[in-house]
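S.K.: Encoded as structure tokens, here's the structure I'll be asking about.
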Amino acid sequence: MRTIFLFLFLLINVSVTAQQILPEVERAKVVDEIMEERFNVLLPALMDKTGIDMWIVISREYNEDPVIKTMLPATWLNARRRTILMFYRNKSKNSIEKLAVARYNVGESITSAWDKEKEPDQWKRLMQLIEERNPSIIGLNFSKDHNIADGLDKTDYDEFMANLPQKYRSSVSSAEKLAVGWIETRTAREMVIYNQLVDITHDIIAEAFSEKVITPGVTTTTEVEWWMRQKVTDLGLETWFHPTVDIQRSSEELVSHLYSFSGRPDDMVILPGDLLHCDFGITYLRLNTDCQELAYVLKPEEKAAPAFLVNGLKDGNRVQDFLTNNMIAGRTGNEILAKSLSEAKAVGLRPSIYTHPLGLYGHSAGTTIGMWDSQGGVMKDDGENYPLNPNTVYAIELNTTITIPEWKRDIRIMLEEAGFYGDDGFRYVNGRQTELLLIPRIKEHQGN
């Protein structure tokens, strides 16, 4: 309870400049408290929903299953030797056991259930625990359709099956729905924290896209990218991908979507009249953000961005609305994609949607709504048939192409914001960009 009050106190009282970022020791306490709630409240509900009464997660040091990385206590940066976790749900007793077939407890949540002096063989001890509980379904992390749920390596799978008593062979099943549910589902407390993460992300972008960082005619896109990277480090945070900054201007032709992801020229000097775009995200308290925003570099005597860019951003917001209005529980990503694209095109927009789950990973597990190179729908192994579930977070990532007669060319309005889908429908975690950032910010002496 003390930690909760301290966390809220820091949220309220630390200055905005400091971004309310906790010191490492307090971060660890928050992470472990959230983990305890997830194990004791979220996990039993997910196991009941998926019908798996025993979930076994096996991983070795430096070759961690993506799921086990989200279950380790804050002081564990890796698994140790071979770490085997067993979660057993007894629905009739409304209980859940959290055991480790390891030499020691895995934090305070998961209790060691292996005394090597009594039973030297780790696999035999695991089998003893299974037989004592006699599960109906044993879930293992293998999956064709979800990469994050496919963390069990072949060696450990072969060892597990070789040691498993014959009568349990037919009980072994893929735990993909349980694993994806564990990764994608956010608790109420995590969503309070998520608001802060996105706020920090927005603030860093706003500072990067300002005269504090950019001097038109001098500063390059690469310098802004490294400034953002350094800012994250200086704040004691991490990023899960290198930031990117690119330019669209009147003197160049529209390039392919791939330009935004790879092949962009380095060290482009930022000039008045440029439309800047960034792709940036941070990692904090085991959650991730992913955000794309736009800025316009004012020409001398300009006090606002040109109307065609202002209207272009509005078109981008309209595509966002078509997408988020179609986010309805139970619909698959392909269904949401097809309906959103159809409705946007019907009003004359030229959209492209490539929205992905966001949370414990940047490109996380869950409902995939298009990819930039798969606008006709994603293949089954990309989560095609996975339905939209409540209490999940998404990077609402998309663009719309607009024609600018003044520039005699097309450009893309590229946007990305964190959004939450809950029981009451969709909302943005911390708002979305509806106005272009201006460089420099308007001051009274600017213009005639």
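The values are calculated or read from the model by the stated rules, or taken from the named source; none is laboratory data. Quick caveat, the model's predicted, so the values are computed rather than measured. Note: ideal-geometry Cβ built from the backbone for every residue, glycine included; neighbour counts use all protein chains shown. The area values use the complete protein model at the heavy-atom level, side chains included, leaving out ligands, DNA and RNA. Shrake-Rupley method; radii C 1.70, N 1.55, O 1.52, S 1.80 Å.
S.K.: Residues in the range 429-436: is at least one within 25 Å of S251 (Cα to Cα) and buried (at least 19 other Cβ atoms within 10 Å of the Cβ)? I'd like the intermediate steps shown before the answer.
M.R.: Of all residues in the range 429-436, those within 25 Å of S251 (Cα to Cα) come to 435-436.
Applying the additional criterion that residues be buried (at least 19 other Cβ atoms within 10 Å of the Cβ) yields 436.
The answer is yes, given that some residue of the range 429-436 is within 25 Å of S251 (Cα to Cα) and buried (at least 19 other Cβ atoms within 10 Å of the Cβ).
S.K.: Filter the range 35-67 down to the residues that are among the basic types (K, R), modelled with pLDDT of 95 or more and open to solvent by 60 Å² or more (accessible area, probe 1.4 Å) and list them by number.
M.R.: Of all residues in the range 35-67, those among the basic types (K, R) come to 38, 49, 60.
Still in the running and modelled with pLDDT of 95 or more: 38, 49.
Correct list: K49 only.
S.K.: Got a number for residues in the range 408-423 being surrounded by fewer than 20 Cβ atoms within 10 Å (Cβ to Cβ) and over 17 Å from E190 (Cα atoms)? Write out each step before concluding.
M.R.: Taking the range 408-423 first, the residues surrounded by fewer than 20 Cβ atoms within 10 Å (Cβ to Cβ) are 408-410, 422-423.
From what's left, over 17 Å from E190 (Cα atoms): 408-410.
Qualifying residue count for the region: 3.
S.K.: Take the residues in the range 191-201 that are within 14 Å of the chain's Cα centre (by Cα) and open to solvent by less than 10 Å² (accessible area, probe 1.4 Å), then tell me which one is farthest from E417 (Cα to Cα).
M.R.: Checked the range 191-201; the qualifying residue farthest from E417 (Cα to Cα) is I193.
S.K.: Which of the residues that make up the range 235-250 are of a type in the set (S, T, N, Q) and in a strand (DSSP E or B)? First the steps, then the outcome.
M.R.: First pass over the range 235-250, keeping only residues of a type in the set (S, T, N, Q): 239, 244, 248, 250.
Listed by number, the residues that qualify are T244, Q248.
S.K.: Something else: What do you reckon, is A188 surrounded by fewer than 17 Cβ atoms within 10 Å (Cβ to Cβ), modelled with pLDDT of 95 or more and within 21 Å of the chain's Cα centre (by Cα)? Give the steps one after another, and end with the answer.
M.R.: Numbers: surrounded by fewer than 17 Cβ atoms within 10 Å (Cβ to Cβ): yes; modelled with pLDDT of 95 or more: yes; within 21 Å of the chain's Cα centre (by Cα): yes.
When the stated conditions are applied, A188 passes them.
S.K.: Right, here's the next one. Out of A329, A338, A365, which single residue is open to solvent by 20 Å² or more (accessible area, probe 1.4 Å), assigned to a loop (DSSP other than H, G, I, E, B), among the small types (G, A, S) and in contact (Cβ under 8 Å) with a residue 12 or more places away in the chain? Quick ask: steps written out before the conclusion?
M.R.: Details: A338 fails: assigned to a loop (DSSP other than H, G, I, E, B); A365 fails: open to solvent by 20 Å² or more (accessible area, probe 1.4 Å).
Checking each option against the conditions leaves just A329.
S.K.: For the range 398-410, state whether one or more residues are modelled with pLDDT of 95 or more, under 16 Å from the mean Cα position of the chain (by Cα) and over 30 Å from I214 (Cα atoms).
M.R.: Scanning the range 398-410, I find no residue that is modelled with pLDDT of 95 or more, under 16 Å from the mean Cα position of the chain (by Cα) and over 30 Å from I214 (Cα atoms), so the answer is no.
S.K.: Ok, one more. Could you list all residues from the range 68-84 that are open to solvent by less than 10 Å² (accessible area, probe 1.4 Å), modelled with pLDDT of 80 or more and touching a strand residue (DSSP E or B) at 6+ places or on another chain (Cβ under 6 Å)?
M.R.: The answer is I68, T83, I84.
S.K.: State the number of residues belonging to the range 242-266 that are modelled with pLDDT under 75, within 14 Å of M414 (Cα to Cα) and either within 22 Å of the chain's Cα centre (by Cα) or open to solvent by less than 50 Å² (accessible area, probe 1.4 Å) (or both).
M.R.: Residues meeting the conditions: 5.
S.K.: Output the residue which, of all residues in the range 85-98 that are in a loop (DSSP other than H, G, I, E, B) and not hydroxyl-bearing (S, T, Y), is most open to solvent (accessible area, probe 1.4 Å).
M.R.: Here is the first cut: in the range 85-98, the ones in a loop (DSSP other than H, G, I, E, B) are 91-94.
Restricting the remaining residues to those that are not hydroxyl-bearing (S, T, Y) gives 91, 93-94.
Working: K91: 135, K93: 151, N94: 115 Å².
Here the residue is K93.
S.K.: Could you tell me whether E207 is at pLDDT 95 or above and either in a loop (DSSP other than H, G, I, E, B) or open to solvent by less than 10 Å² (accessible area, probe 1.4 Å) (or both)?
M.R.: no
S.K.: Kindly evaluate G281 against the criterion of being modelled with pLDDT of 95 or more, more than 21 Å from the chain's Cα centre (by Cα) and surrounded by 15 or more Cβ atoms within 10 Å (Cβ to Cβ).
M.R.: On the way: modelled with pLDDT of 95 or more: yes; more than 21 Å from the chain's Cα centre (by Cα): no; surrounded by 15 or more Cβ atoms within 10 Å (Cβ to Cβ): yes.
No, not satisfied.
S.K.: Another question, then. Among the residues in the range 293-310, are any open to solvent by 10 Å² or more (accessible area, probe 1.4 Å), within 21 Å of I200 (Cα to Cα), in contact with a helix residue (DSSP H, G or I) (Cβ under 6 Å, 6 or more places away or on another chain) and touching a residue at least 24 places away in the same chain (Cβ under 8 Å)?
M.R.: Yes - at least one qualifying residue is present in the range 293-310.
S.K.: Is it the case that the range 126-137 has a residue that's farther than 19 Å from Y88 by Cα and touching a strand residue (DSSP E or B) at 6+ places or on another chain (Cβ under 9 Å)? Spell out the reasoning first.
M.R.: Going residue by residue through the range 126-137, those that are farther than 19 Å from Y88 by Cα are none.
No, the range 126-137 contains no residue that is farther than 19 Å from Y88 by Cα and touching a strand residue (DSSP E or B) at 6+ places or on another chain (Cβ under 9 Å).
Yes or no, residue by residue, for (1) closer than 30 Å to L43 by Cα; (2) open to solvent by less than 20 Å² (accessible area, probe 1.4 Å); (3) in a helix (DSSP H, G or I):
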position: R169; (1), (2), (3): yes, no, yes
position: D203; (1), (2), (3): no, no, yes
position: K212; (1), (2), (3): no, no, no
position: T215; (1), (2), (3): no, no, no
position: V218; (1), (2), (3): no, no, no
position: V224; (1), (2), (3): no, yes, yes
position: T233; (1), (2), (3): no, no, yes
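S.K.: It is to be established whether one or more residues within the range 386-401 are closer than 22 Å to N147 by Cβ, open to solvent by 40 Å² or more (accessible area, probe 1.4 Å) and not polar (S, T, N, Q). Before the answer, list the steps.
M.R.: Just the residues of the range 386-401 that are closer than 22 Å to N147 by Cβ, to begin with: 386-389, 391-397.
Filter once more, keeping what is open to solvent by 40 Å² or more (accessible area, probe 1.4 Å): 387, 391.
So of that shortlist, the ones also not polar (S, T, N, Q) come out as 387.
Scanning the range 386-401 turns up at least one residue that is closer than 22 Å to N147 by Cβ, open to solvent by 40 Å² or more (accessible area, probe 1.4 Å) and not polar (S, T, N, Q).
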